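Remarks on the structure that follows.
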Amino acid sequence: MHKVMNYMQTSFAPKVNKIVKNPWIAAIQDAIMTALPLVFVGSLITIVSLVRNLIPAIPDMTMISNFSFGMFGLVVSFLIAYYVMEKKNNNKYKLIGGATSLVFFLMLLYPTLDKTGANMSFILARFGAQGMFTAIIAGLFVGAVMNFASKHSFFSEETAIPDFVVGWTLTGLLRVDVFNVILWLFSPLSAIVQSYPGFVLSVFIPVFLYTFGISGWVVMPVIYPVYMQGLAQNVKEVAAGGAATHIATQETCYAFSSMGGIGTTLALAVIMLFFSHSAQLKAIGKAIIVPSVFNINEPLVFGAPVAFNPYLMVPMWINGLLVPTISYLVMTLHLVSVPSKTFLLWYIPYPITSYLATQDWRAIVVTLVIFAVTWVVFWPFFKAYDNSLLAQEKKAAA
């Protein structure tokens, strides 16, 4: 175990962090993080909609959701190119880069013109979660072209002609619906993540990396678009009168897996608060309980610590496999409804979050079961760690 820990700390973690700092990867991460407030607005509207079921007099605010969460892809297309230019030290081109990417994204959505050519029509759903992969490709493509053009310009300094020529050639001349082509290209990835092993891995990998001090956001450029696309498909299925079927969504993770933070650590925080005998863990338990209730576990992960601590890393890995397994199972068996509305207010305490994310009271029962399961997994490892610290403290005092 010591060799594994040494390898992870001295070799693996630095390599992953190097990937995270890559300007192209970092641009996608920053773009998604910057645009997340739009999703939060949509989440608030979800809560308002629940209240509206009880008080019909409350106005229908669906339009706000359509122009917040529903425009996520549009905003991300701008931000990715913007951040690419910024991280490549082409700051004077970042605004025109973002604007160019936004317009290029619109071209790739394959709009239609009426016979007069005066009216243009778009498919609204393509602007939001369904358009995430298209937005990422548009942003990275424009960023690459403009980064190249800033050094080897064949036109004027701020021209965007290469991007628009490509967009026009594909959509206007060849009549290719690039949006559907991109969805088709990424459909195998979506199918993998939506499967049981794929979903479990999509939850486990961020947990695993987090125990080595690496942010789970390193995998979000790949996983998050699939999650959003899954939710968009659920919304579409429910709107058509069917049932939501795509389990792998961020809402599913927030319903169960994020209890206490990444790694489902709320049970560990409660154990530390009430059952620690060592002075170190007693103090940590008092300090981390409030953040943990609001699903913020950086103080726990780096204070206990969990990171690079075999005593607590192993049970966190086990729970990183068990919790998504339970989540997938209960939704596959229709014991809990699959999320069909956006909800990313992750800081709301459980089990309130579980109910709001699924809009199903049965999720509260599952949350209690998961809390009990994670408690049982953490308990023996916690006791061993607490006893080792207590022994060290007695030895130091003697």
If you scan segment 349-363, which residues turn out to be under 27 Å from residue 275 (Cα atoms) and surrounded by 18 or more Cβ atoms within 10 Å (Cβ to Cβ)?
350, 351, 353, 354
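Conditions tested, residue by residue: (1) more than 23 Å from the chain's Cα centre (by Cα); (2) open to solvent by less than 40 Å² (accessible area, probe 1.4 Å); (3) without any contact (Cβ under 8 Å) to a residue 60 or more places away in the chain.
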residue	(1), (2), (3)
35	no, yes, yes
40	no, no, no
44	no, no, no
47	no, no, no
52	yes, no, yes
55	yes, no, yes
63	yes, no, yes
68	no, yes, yes
73	no, yes, no
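Given the structure, is residue 208 assigned to a loop (DSSP other than H, G, I, E, B), farther than 23 Å from residue 186 by Cβ and more than 11 Å from the chain's Cα centre (by Cα)? Spell out how you get there, then give the answer.
Values: assigned to a loop (DSSP other than H, G, I, E, B): no; farther than 23 Å from residue 186 by Cβ: yes; more than 11 Å from the chain's Cα centre (by Cα): yes.
No: the conditions fail for residue 208.
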Selection within segment 327-354 - over 17 Å from residue 234 (Cα atoms), part of a helix (DSSP H, G or I) and in contact with a Phe, Trp or Tyr (Cβ under 7 Å, 6 or more places away or on another chain)
353, 354
Give segment 20-49 a look and list any residue that's in contact with a Lys or Arg (Cβ under 9 Å, 6 or more places away or on another chain) and aliphatic (A, V, I, L, M), or say none.
26, 27, 45
Residue check, residue 91 against (1) at pLDDT below 85; (2) more than 27 Å from residue 177 (Cα to Cα), all met but one. Which one?
(1)
Does segment 294-301 include one or more residues that are assigned to a helix (DSSP H, G or I) and surrounded by fewer than 19 Cβ atoms within 10 Å (Cβ to Cβ)?
yes
Segment 358-375 residues that are within 18 Å of residue 261 (Cβ to Cβ), paired with ones that are in a helix (DSSP H, G or I) and open to solvent by 60 Å² or more (accessible area, probe 1.4 Å) (beta carbon under 8 Å, 6 or more apart)
373/322; 374/322
Scan segment 234-255 and tell me whether some residue there is in contact with a Lys or Arg (Cβ under 8 Å, 6 or more places away or on another chain) and among the aliphatic types (A, V, I, L, M).
yes
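Going residue by residue through segment 187-202, is there one that turns out to be among the aromatic types (Phe, Trp, Tyr), at negative phi and modelled with pLDDT under 90?
Restricting attention to segment 187-202, the residues satisfying the condition of being among the aromatic types (Phe, Trp, Tyr) are 196, 199.
Retained after the next criterion (residues that are at negative phi): 196, 199.
Retained after the next criterion (residues that are modelled with pLDDT under 90): none.
For segment 187-202, residues among the aromatic types (Phe, Trp, Tyr), at negative phi and modelled with pLDDT under 90: absent.
Which count do you get for residues in segment 205-232 that are among the polar types (S, T, N, Q) and open to solvent by less than 40 Å² (accessible area, probe 1.4 Å)? Please lay out each step first, then the result.
Filtering segment 205-232 for residues among the polar types (S, T, N, Q) gives 211, 215, 229.
Then keep just the ones that are open to solvent by less than 40 Å² (accessible area, probe 1.4 Å); that gives 211, 229.
Counting residues in segment 205-232 that are among the polar types (S, T, N, Q) and open to solvent by less than 40 Å² (accessible area, probe 1.4 Å) gives 2.
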Return the residues of segment 79-102 that are among the β-branched types (Val, Ile, Thr) and open to solvent by less than 20 Å² (accessible area, probe 1.4 Å); say none if nothing qualifies.
80, 84, 100
If I filter segment 372-395 for residues that are among the small types (Gly, Ala, Ser), more than 19 Å from residue 207 (Cβ to Cβ) and buried (at least 19 other Cβ atoms within 10 Å of the Cβ), do I get at least one hit?
no
Which residues, taken from segment 351-384, are more than 22 Å from residue 271 (Cβ to Cβ) and basic (Lys, Arg)?
362
Give me the residue from segment 103-130 that is touching a Leu at 6+ places or on another chain (Cβ under 7 Å) and crowded, with 21+ Cβ neighbours inside 10 Å and, out of that set, farthest from residue 80 (Cα to Cα).
126
When you go through 327, 276 one by one, which is the residue that is out of contact with any Asp or Glu (no Cβ under 8 Å at 6 or more places or on another chain) and polar (S, T, N, Q)?
327
Looking only at segment 182-197, count every residue that is open to solvent by 60 Å² or more (accessible area, probe 1.4 Å) and more than 15 Å from residue 228 (Cα to Cα) and tell me the total.
5
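For the structure I just gave you, tell me whether residue 235 is within 25 Å of residue 43 (Cβ to Cβ) and open to solvent by 10 Å² or more (accessible area, probe 1.4 Å).
So residue 235 fits the description; yes.
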Select from segment 248-282 the residues that are more than 15 Å from the chain's Cα centre (by Cα) and open to solvent by 20 Å² or more (accessible area, probe 1.4 Å) and list them in ascending order.
266, 270, 273, 274, 275, 277, 279, 280, 282
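Yes or no, residue by residue, for (1) touching a residue at least 24 places away in the same chain (Cβ under 8 Å); (2) within 21 Å of residue 352 (Cβ to Cβ); (3) not basic (Lys, Arg):
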residue: 222; (1), (2), (3): yes, no, yes
residue: 275; (1), (2), (3): yes, no, yes
residue: 295; (1), (2), (3): yes, yes, yes
residue: 299; (1), (2), (3): no, no, yes
residue: 331; (1), (2), (3): yes, yes, yes
residue: 337; (1), (2), (3): yes, yes, yes
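The values are calculated or read from the model by the stated rules, or taken from the named source; none is laboratory data. What you are looking at is a predicted structure, and each value in this text was computed from that prediction instead of being measured. Every residue, glycine as well, gets a Cβ built from its backbone with ideal geometry; the counts of neighbours run over all protein chains shown. Each accessible area value is taken on the protein alone, full model and side chains, heavy atoms only, with ligands, DNA and RNA left out. Shrake-Rupley method; radii C 1.70, N 1.55, O 1.52, S 1.80 Å.
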